[in-house]
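I have placed the structure first, in the form of structure tokens, so that the comments after it can refer back to it.
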There are 2 protein chains.
Amino acid sequence: MSKPFMFEKPIGMRDTLPQLYEAKNQIRQEMKAELKLWGYQSIETPTLEYYETVGVASAILDQQLFKLLDQRGNTLVLRPDMTAPIARLAASSLKDVSVPLRLAYDTNVFRAQHDEGGRPAEFEQIGIELIGDETSSADAEVIALMIASMKKVGLTHFKIAIGHVGYVNALLIDIVGNEERANTLRRFLYEKNYVGFRQHVKSLSLSSIDKNRLLQLLNLRGDFSKLEEAKELVSNGEGKKALCELEKLWEVLDCYGITDFVKLDLNLVMHMSYYTGPVFEAYSDNLGTPIASGGRYDELLQKFNRPAPATGFGIRLDLLVQAIGIKAKQTQVTCIIYSNERRKDAIELAQQKRQAGLSVILQDLSGVKDVDQFSQGYEDIIYCIGKNGKGDN
Amino acid sequence: MSKPFMFEKPIGMRDTLPQLYEAKNQIRQEMKAELKLWGYQSIETPTLEYYETVGVASAILDQQLFKLLDQRGNTLVLRPDMTAPIARLAASSLKDVSVPLRLAYDTNVFRAQHDEGGRPAEFEQIGIELIGDETSSADAEVIALMIASMKKVGLTHFKIAIGHVGYVNALLIDIVGNEERANTLRRFLYEKNYVGFRQHVKSLSLSSIDKNRLLQLLNLRGDFSKLEEAKELVSNGEGKKALCELEKLWEVLDCYGITDFVKLDLNLVMHMSYYTGPVFEAYSDNLGTPIASGGRYDELLQKFNRPAPATGFGIRLDLLVQAIGIKAKQTQVTCIIYSNERRKDAIELAQQKRQAGLSVILQDLSGVKDVDQFSQGYEDIIYCIGKNGKGDN
């Protein structure tokens with residue numbers, strides 16, 4: 001352990017400079033406006049939560065949590081997601097508000113990174129939670145809103161992959177018999193390591209029919225007609241129920257007129273373990289990582305003593321900006337450089353322009369070491385120097 | 001140490017519910033718009049920084065820092081302020097941008113609380129830093145912008161107390177002779193414990209003339225004519241230089257036409273130890289705690305190898321909202337409740353209304369347990385149920 005350099009930031013931590021900030025902020029505001037149009041109310045929760053409550057409920061791998069101790073010896077975590085804090089909120093401060101409850105957030109979440117792999121340890125997530133509605137209409141609304149808000153901010157080429165946690169679970173347990181073996185396979189799916197999945201399936205002591213069923217799971221990606229194939233693979237009730245839910249979901253998505261954005265992916269396995277039903281990820285054509293994800297989690301709220309079905313999504317603002325690209329919409333700034341005796345004129349001129357909605361920098365000439373260099377940063381410069389009126393540009 | 005209840009939050013941590021969120025957000029956006037009009041560019045820095053760099057430079061008491069260890073054994077801190085991170089940024093990513101540099105931020109900062117005294121451990125700060133300009137014009141601009149942005153968001157009854165770190169230092173050292181003794185007196189001033197200050201002065205082994213000079217310091221609060229009294233108390237160069245700077249500052253503030261908002265307070269001693277020149281605090285008539293504060297810190301940037309004078313302010317958004325009060329400007333929301341067979345109509349109606357800028361909740365009737373209770377939350381309800389057209393309200 002060596003002392004960090006003065007400029008260094010912890011692993012995975014990033015600065016956001018003005019140009020990127022403006023791009024992010026524009027997208028952030030447009031997206032939040034859309035969430036509001038759909039009746040979602042914004043809330044904020046603390047950056048730090050107790051490990052024993054929200055930390056554990058968040059279901060993020062322990063090694064990805066930033067942990068610290070408070071003075072009383074309780075372990076705190078930097079929130080790794082917003083779903084668990086909102087569940088806490090819904091069960092406490094908002095416990096008297098009747099469901100369905102529609103909440104929105106825009107906040108940074110934290111995941112510790114262990115190497116300089118470029119993955120961020122802190123990123124901004126904008127999302128919603130729809131609590132207390134178990135219908136497919138709720139699942140569809142969440143997906144429809146995700147699509148609407150991505151379109152609103154100018155994303156054009158993207159797709160939503162929809163799966164179902166219940167279906168994968170049903171199929172895996174049906175074939176391999178226990179959770180431990182199912183988890184190994186789930187891990188491959190989560191990592192989208194299909195080669196590894198195939199190899200592992202081959203190594204299992206199963207009938208060739210069962211091996212084939214497992215391998216066929218990998219084919220269950222495409223349009224919704226794949227649901228028919230999926231039905232043939234499962235025999236148990238949980239699996240059939242999951243497919244039935246997906247059919248209903250598809251129907252509602254069709255009412256929204258957004259099925260062109262949607263495809264089926266029954267291999268989809270999520271990072272968070274609290275999901276119980278339909279789950280989804282959004283992909284932009286030009287990015288490998290999902291920009292947004294979400295799904296149904298019907299059992300999380302009962303951990304906070306307010307049992308309620310729920311669904312929601314979270315969008316990663318950094319990836320969304322990356323997918324859209326930074327539009328070079330820079331604010332036009334006027335710079336007024338003045339000398340002492342013209343200060344009052346300069347201040348008045350600046351105030352007039354600002355009142356008209358223009359951005360104006362007011363700069364005392366004696367505060368600038370190198371005027372030539374400084375003035376290069378501005379296209380529109382007004383000099384208020386010496387006795388006479390406006391200087392030339 | 002007992003396990004926290006599921007609903008509990010760490011000491012000093014708060015949730016923000018929808019109504020307060022809207023009030024905060026409105027003020028936040030208006031304030032940020034004003035900073036932009038004055039040519040300040042927004043940036044973001046990470047929540048976590050190295051203790052050895054930003055943590056130490058921040059000059060917050062160690063016991064107020066939230067600390068944790070990364071995997072390499074480095075100590076990290078949750079940023080306690082934004083001045084040090086911006087200094088780091090100005091000296092690294094922005095090192096090639098010529099000064100004066102005008103930066104803005106809007107972020108949460110963290111200060112560990114050790115009891116349930118109601119003081120927040122996390123609060124949002126909106127502020128600016130003006131880097132590389134040593135003139136009184138820069139000090140005045142920062143104060144003028146602080147006033148302009150507070151007026152912009154509707155704060156009417158407030159005052160800015162202006163002091164000078166150099167003056168207090170010069171006077172105390174001149175009389176008590178060393179830093180340690182000066183610090184004891186400074187502590188009383190920082191805590192605004194004037195009774196304690198007086199008692200302590202009486203207990204010192206000083207001439208009655210010197211004791212009197214110390215006690216007269218407490219009188220140096222009022223309008224700027226107090227500068228004359230202040231001159232009589234100090235004999236050394238540092239003290240005279242400080243008063244000269246305050247005179248110049250006053251002159252520029254007068255050009256801005258804002259001296260009505262300003263008073264002199266030469267007792268002002270700040271929390272952060274990096275201040276070197278004029279410092280100030282903003283008070284609303286209806287709150288005991290300062291809403292905003294700031295000042296000149298000419299030595300901080302050299303710790304990051306980019307020596308430059310600088311000044312800035314930070315406003316506490318929570319206190320500002322408290323001072324202004326929550327204006328009951330709630331968004332009007334229409335709720336459309338529909339049955340299955342009318343889903344498509346309902347979705348179309350909702351989409352039309354949203355396109356017209358209205359907030360609309362679209363609710364599947366079968367997703368609501370208690371329709372009467374749910375519908376009580378909305379003034380404007382449209383039922384799309386059964387075969388016939390719009391339901392009655």
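The table that follows gives values for the structure above.
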{"read-out": "Cβ-placed point charges (K, R +1; D, E -1), dipole of the stretch A:275-389 about Cα centre in debye, nearest 20", "value": "360 debye"}
{"read-out": "Copy-to-copy label separations for B:Lys152, where each label sits 7 Å from Cα toward Cβ, in nm and ascending", "value": "2.4"}
{"read-out": "Simple label model, 7 Å out from Cα along Cβ direction - A:Thr259 to B:Gln199, nm", "value": "8.1 nm"}
{"read-out": "Cross-link pairs beyond the 24 Å C-alpha cut-off, checked among B:Lys24/B:Lys151; A:Lys36/A:Lys192; B:Lys36/B:Lys151; A:Lys248/B:Lys344; A:Lys344/B:Lys152", "value": "A:Lys36/A:Lys192"}
{"read-out": "Partners for B:Lys226 among aspartates and glutamates (Cα-Cα distance below 16 Å; same-chain residues under 8 apart left out)", "value": "B:Glu245, B:Glu247, B:Glu251, B:Asp260, B:Asp265"}
{"read-out": "Residue (of A:Ile361, A:Cys255, B:Leu317) at the positive-pole extreme of the protein assembly as shown, dipole from beta-carbon charges", "value": "B:Leu317"}
{"read-out": "Long-range amide H partners of B:Leu268 with built H, under 5 Å", "value": "B:His164"}
{"read-out": "Packing-based order for A:80-93, B:148-161, using average beta carbon neighbours within 10 Å, highest first", "value": "A:80-93, B:148-161"}
{"read-out": "³J(HN,Hα) computed for each position of the stretch B:156-166 - Karplus, 6.51 cos²θ - 1.76 cosθ + 1.60, integer Hz, glycine/proline x", "value": "10, 9, 8, 9, 10, 8, 10, x, 8, 4, x"}
{"read-out": "Dipole magnitude of the stretch A:4-136, debye to nearest 20 (Cβ charges: Lys/Arg +1, Asp/Glu -1, about Cα centre)", "value": "140 debye"}
{"read-out": "Normalised contact order of the stretch A:279-342, rounded percent, pairs of Cα under 8 Å and 6 or more residues apart", "value": "24 percent"}
{"read-out": "Innermost chain A residue relative to the axis carrying A onto B, by Cβ distance in angstrom", "value": "A:Leu68, 2"}
{"read-out": "Candidates per trypsin sites (Lys or Arg not before Pro) in the stretch A:309-393, loop by DSSP, up to 15 other Cβ within 10 Å", "value": "A:Lys327, A:Lys329, A:Lys369, A:Lys387, A:Lys390"}
{"read-out": "Neighbour net charge for B:Leu268 - beta-carbon separation under 9 angstrom, K R +1, D E -1", "value": "-1"}
{"read-out": "Per-residue mean of C-beta atoms belonging to partner chains within 10 Å, peptide B:296-307", "value": "1"}
{"read-out": "Extreme residue, positive dipole direction of the stretch B:200-251, given options B:Asn236, B:Phe224, B:Asn212 (C-beta unit charges)", "value": "B:Asn212"}
{"read-out": "Nearest-20 debye value, the stretch A:145-266 charge dipole, Cβ charges on Lys, Arg, Asp, Glu", "value": "420 debye"}
{"read-out": "Å² per residue, accessible surface of the protein assembly as shown at 1.4 Å", "value": "42 Å²"}
{"read-out": "DSSP-loop GluC sites (Glu not before Pro) across the stretch B:179-280, with at most 11 other Cβ within 10 angstrom", "value": "B:Glu191"}
{"read-out": "Label 7 Å beyond Cα on the Cβ vector: A:Glu232 copy-to-copy distances, nm", "value": "10.2"}
{"read-out": "Helical contribution to [θ] at 222 nm, DSSP H n ≥ 4, -39,500 (n - 2.57), averaged over chain A, rounded to 500", "value": "-11500 deg cm²/dmol"}
{"read-out": "Using a 7 Å Cα-to-Cβ projection, B:Thr75 label spacings across copies, nm, ascending", "value": "2.2"}
{"read-out": "Under 15 Å, Cβ to Cβ, from A:Ala104 - net charge with Lys/Arg +1 and Asp/Glu -1", "value": "-3"}
{"read-out": "Lys/Arg +1, Asp/Glu -1 at C-beta; the stretch A:233-346 dipole; positive extreme among A:Ile337, A:Met272, A:Pro290", "value": "A:Ile337"}
{"read-out": "Shielding by partners, peptide B:250-260 (average Cβ within 10 angstrom, other chains)", "value": "2"}
{"read-out": "Neighbourhood charge, 11 Å Cβ-Cβ cut-off, centred on B:Leu17 and excluding it, Lys, Arg +1 and Asp, Glu -1", "value": "-1"}
{"read-out": "Estimated buried accessible area (total), pair A and B, 1.4 Å, Å² to nearest 100", "value": "8900 Å²"}
{"read-out": "Accessible area (Å², 1.4 Å probe, nearest 10) - A:Asp260", "value": "120 Å²"}
{"read-out": "All aspartates and glutamates inside 16 Å of B:Lys9 as judged from Cα atoms, apart from same-chain residues fewer than 8 positions distant", "value": "A:Glu44, A:Glu49, A:Glu52, A:Asp70, A:Asp81, B:Asp115, B:Glu116, B:Glu122"}
{"read-out": "Residue among B:Arg181, B:Arg102, B:Arg296 with the largest mean-square fluctuation in a Gaussian network model of chain B, springs linking Cα atoms under 10 Å", "value": "B:Arg181"}
{"read-out": "Highest-fluctuation residue, B:Gln64, B:Gln125, B:Gln351 considered, GNM on chain B with Cα pairs under 10 Å", "value": "B:Gln351"}
{"read-out": "In nm, spacing of pseudo-spin labels at B:Asn286 and B:Lys159 (7 Å Cα→C-beta vector)", "value": "1.8 nm"}
{"read-out": "Inter-chain Cβ neighbour average for residues A:43-56, partner chain, 10 Å", "value": "6"}
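The values are calculated or read from the model by the stated rules, or taken from the named source; none is laboratory data. In this text, all values refer to a predicted model and were calculated from it rather than measured experimentally. Cβ: placed from backbone, ideal geometry, glycine included. Neighbour counts: every protein chain shown. Note: accessible area is taken over every heavy atom of the protein model, side chains too, but ligands, DNA and RNA are not part of it. Shrake-Rupley method; radii C 1.70, N 1.55, O 1.52, S 1.80 Å.
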